[in-house]
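Since the structure comes first, as structure tokens, the remarks are kept for the end.
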Amino acid sequence: MKKLTHGKGFWTAIVVVAILSALIQFLISGGTLNSFYVNTIFYIGINIILATSLHLIMGITGQFSIGHAGFLAVGAYASAIMTMKLDLPFPVAILAGGIAAGIAGLIIGIPSLRLKGDYLAIATLGFGEIVRITFLNIDYIGGASGMQVRHLTTWPWLVACVVLTVVVITNFTNSTHGRACISIRENEIAADAMGINTTYYKVAAFVIGSFFAGIAGALYAHNFYIIQPTNFGFLKSFDILIFVVLGGLGSMSGAVIAAILLTIISTFLQDYSETRMIIYSLVLIIMMLYRPQGLMGTKELTSLFKYRGTGKGGMPNDNKQTIA
Amino acid sequence: MEWIQQLVNGISLGSIYALIALGYTMVYGIVKLINFAHGDVFMVGSFVGFYSISIFHLGFFPALLISMAVCAIFGVLIERIAYKPLRNATRIAALITAIGVSLLIEYTTIYARGAQPEAYPDKLLPFKNVEFFGVKISSQSLFILAISILLMILLQFIVHKTKIGKAMRAVSHDMDAARLMGINVDNTISATFAIGSALAGAAGVIFGMYYTKIEPLMGIIPGLKAFVAAVLGGIGIIPGAMVGGLVLGVIESLVSASGYSLWRDGAAFVVLILILIFRPSGIFGKNVREKV
């Protein structure tokens, strides 16, 4: 197993991202992009982190979670407390958001990952609702009226977090641990029989996914001036879910592409939120009826440039939906 | 004495949950699908009841019957269009479709009539407080309980004494064997959706009458809680859904009676997570070991 950093594409990709982000930074500080586009770009970045973090839980490990907004909320509130109540610097707040969400993921993951399929989905959904109701009832963080947060999310921080998330999750997927997670997705009983500690890997994937959702939460909170418990309801979880499902369960590039596309679409449909939801739900239903594996299936974008079957140790090339 | 009053409120609320939970549990028992759209069928039922009372000036019972009929047809349509093609697909695909259908119904309703709430006409039924040994109980609560119990007895009769009920039990036991025995599985599944949706429609009208305020997104939370009730009683088991609904309603009322009314919505989900951890098969469920 080659390390990711030794791969040929890795440094090329980093350089491309660096140049692109420098260009965008230049456009932002030069004032070429108006605030509408800047907001959209920031939102895309946050959604990419959310999509990849859920991709690790659902696409790689095959654990169905529909309470991801709960972790986003934990990260958002934890980081907002750091900057607004304790006056700590922003990087500490980002880290704190991630760690708080990771701990929440651990607390939720250990009991609920004993459950499978539908039951796990409902348990995570219940968890998301409990988080929302808890934040609604704590006066220290503003209760229902929400919490004022300074605007601290800057473009370099955002890019750094997105790159970090994508690199860590890709590396994890290609590591021994990632293989174990994929084997759990393919067949949990068989993985167990092969000596894989399924509970450990499921919880590990869940905690890593929650950690990055928490980081996204920190960026989210410091981008929107105010956070309210209503921002983190079931619909937010659903928004994240649709990125992963539409992109293809098991494809990171699919999730990223879906996050970018859907964020752009939803920004332009901002004033027609009902229409947006009708389109979303129709797309989801039609997708499940005619192409249940999503846009990319389990393929990655990079595999399109490779010859079939040469991807040594890569993802299986068949485009089957493999999630239980 | 106030506690007993809260208990009665809890039972009325619980019987609404139970009516919705029955649809969840029947559908899950037969096709192993969490029908997320069920809460929205409940919402549609509530609106059908509202319009038949306010526009066509019908009484409570005709409105209840119309709402049940419309919901039954609606449930069958959902099943035929969205779920039937996915019967052999993965569980996750079916679950995501169900979420999609749920959102489609909600936002199409908002698109069609706006998101503003509607006030249910009161004075549909004679309203007076009945006193039992110094405990004041509103006649509405008793009425709700009576209708729910009646519908549940009717359901038990259908499931245990009629041919379609027998077919439903057979299909939920083993779909392939039932098909080999000459049971029309598709029709049986549609009948299950029809009955479950009719109960949800009835629950919608009762809910509207009890809480007097209805809106297009009202189905989400009662729907989720009814699902909790179904899991609590043991999903797929009809008496379990009834008991689960009542227990959940009582728990919620007791939580608000103890002064934590803001946490009321959270209580249901705490119950859900506890039951899933300690007894995932529910109160009435049997433990089934997974076979390879």
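Once segment B:52-73 is narrowed to residues that are hydroxyl-bearing (S, T, Y) and touching a helix residue (DSSP H, G or I) at 6+ places or on another chain (Cβ under 9 Å), the residue that is farthest from B:F143 (Cα to Cα) is B:S52.
In segment B:270-280, is there at least one residue being outside any helix (DSSP H, G or I), out of contact with any Leu (no Cβ under 6 Å at 6 or more places or on another chain) and away from chain A (no Cβ under 14 Å)? No, there is no match, as no residue in segment B:270-280 is outside any helix (DSSP H, G or I), out of contact with any Leu (no Cβ under 6 Å at 6 or more places or on another chain) and away from chain A (no Cβ under 14 Å). Filtering segment B:179-215 to residues that are on the phi > 0 side of the Ramachandran plot and at pLDDT 90 or above leaves only B:G182. Of all residues assigned to segment A:200-210, at least one qualifies as being at pLDDT 90 or above, surrounded by fewer than 18 Cβ atoms within 10 Å (Cβ to Cβ) and closer than 20 Å to A:S65 by Cβ. With respect to A:T153, determine if the residue is buried (at least 19 other Cβ atoms within 10 Å of the Cβ) and not in a helix (DSSP H, G or I). Yes, satisfied. For segment B:91-109, how many residues are surrounded by fewer than 19 Cβ atoms within 10 Å (Cβ to Cβ) and touching a Ser or Thr at 6+ places or on another chain (Cβ under 9 Å)? Residues meeting the conditions: 1.
Summed over segment A:250-275, residues that are in a helix (DSSP H, G or I), among the hydroxyl-bearing types (S, T, Y) and either more than 10 Å from chain B (Cβ to nearest Cβ) or touching a residue at least 40 places away in the same chain (Cβ under 8 Å) (or both) total 4. The helices (runs of 4 or more DSSP H) falling completely within segment A:54-142 that include 2 or more residues that are within 14 Å of chain B (Cβ to nearest Cβ) and more than 18 Å from A:L241 (Cα to Cα) map to A:90-112, A:117-137. Considering every residue within segment B:235-248, establish whether at least one is touching a residue at least 40 places away in the same chain (Cβ under 8 Å), within 13 Å of another protein chain (Cβ to nearest Cβ) and over 23 Å from B:I144 (Cα atoms). Scanning segment B:235-248, I find at least one residue that is touching a residue at least 40 places away in the same chain (Cβ under 8 Å), within 13 Å of another protein chain (Cβ to nearest Cβ) and over 23 Å from B:I144 (Cα atoms), so the answer is yes. Tallying residues that are more than 7 Å from chain A (Cβ to nearest Cβ), within 26 Å of A:Y272 (Cα to Cα) and of a type in the set (A, V, I, L, M) within segment B:80-123 yields 5. In this structure, does B:L77 turn out to be in a helix (DSSP H, G or I) and either more than 28 Å from B:L246 (Cα to Cα) or within 14 Å of chain A (Cβ to nearest Cβ) (or both)? Spelling it out, B:L77 is indeed in a helix (DSSP H, G or I) and either more than 28 Å from B:L246 (Cα to Cα) or within 14 Å of chain A (Cβ to nearest Cβ) (or both).
In segment A:184-191, the condition of being surrounded by fewer than 21 Cβ atoms within 10 Å (Cβ to Cβ), within 14 Å of chain B (Cβ to nearest Cβ) and outside any helix (DSSP H, G or I) is met by at least one residue. Scanning segment B:165-188 for residues being crowded, with 17+ Cβ neighbours inside 10 Å and within 19 Å of B:R80 (Cα to Cα) gives a total of 8. Taking segment A:19-40 as the range and being in contact (Cβ under 8 Å) with a residue 60 or more places away in the chain and within 14 Å of A:V159 (Cβ to Cβ) as the test, the residues that pass are A:S21, A:I24, A:Q25, A:I28.
Among the residues of segment B:25-53, those that are aromatic (F, W, Y) and within 11 Å of chain A (Cβ to nearest Cβ) comprise B:Y28, B:F36. Under the condition of being touching a residue at least 24 places away in the same chain (Cβ under 8 Å) and more than 18 Å from B:A94 (Cβ to Cβ), which residue from segment A:107-122 is farthest from the chain's Cα centre (by Cα)? Checking each candidate, the answer is A:R114.
Each row is one residue, and each column tells you yes or no for (1) buried (at least 20 other Cβ atoms within 10 Å of the Cβ); (2) in contact (Cβ under 8 Å) with a residue 60 or more places away in the chain; (3) within 12 Å of another protein chain (Cβ to nearest Cβ).
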site	(1), (2), (3)
A:F224	no, yes, no
A:F238	yes, yes, yes
A:L241	yes, yes, yes
A:G248	yes, yes, no
A:M277	yes, no, yes
A:Y280	yes, no, yes
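Quick check, is B:L224 closer than 30 Å to B:T108 by Cα, assigned to a helix (DSSP H, G or I) and in contact with a helix residue (DSSP H, G or I) (Cβ under 8 Å, 6 or more places away or on another chain)? It is true that B:L224 is closer than 30 Å to B:T108 by Cα, assigned to a helix (DSSP H, G or I) and in contact with a helix residue (DSSP H, G or I) (Cβ under 8 Å, 6 or more places away or on another chain). In the set (1) buried (at least 20 other Cβ atoms within 10 Å of the Cβ); (2) more than 18 Å from A:G67 (Cβ to Cβ); (3) among the small types (G, A, S); (4) within 14 Å of another protein chain (Cβ to nearest Cβ), A:A218 fails one condition alone, (4). Of everything in segment A:112-130 that is surrounded by 24 or more Cβ atoms within 10 Å (Cβ to Cβ) and among the β-branched types (V, I, T), the residue that is modelled with the lowest pLDDT is A:I122.
The values are calculated or read from the model by the stated rules, or taken from the named source; none is laboratory data. On a predicted model such as this, the values are computed, not experimentally measured, just so you know. Methodologically, a virtual Cβ is constructed for each residue, glycine included, from the backbone with ideal geometry; neighbour enumeration extends over all protein chains shown.
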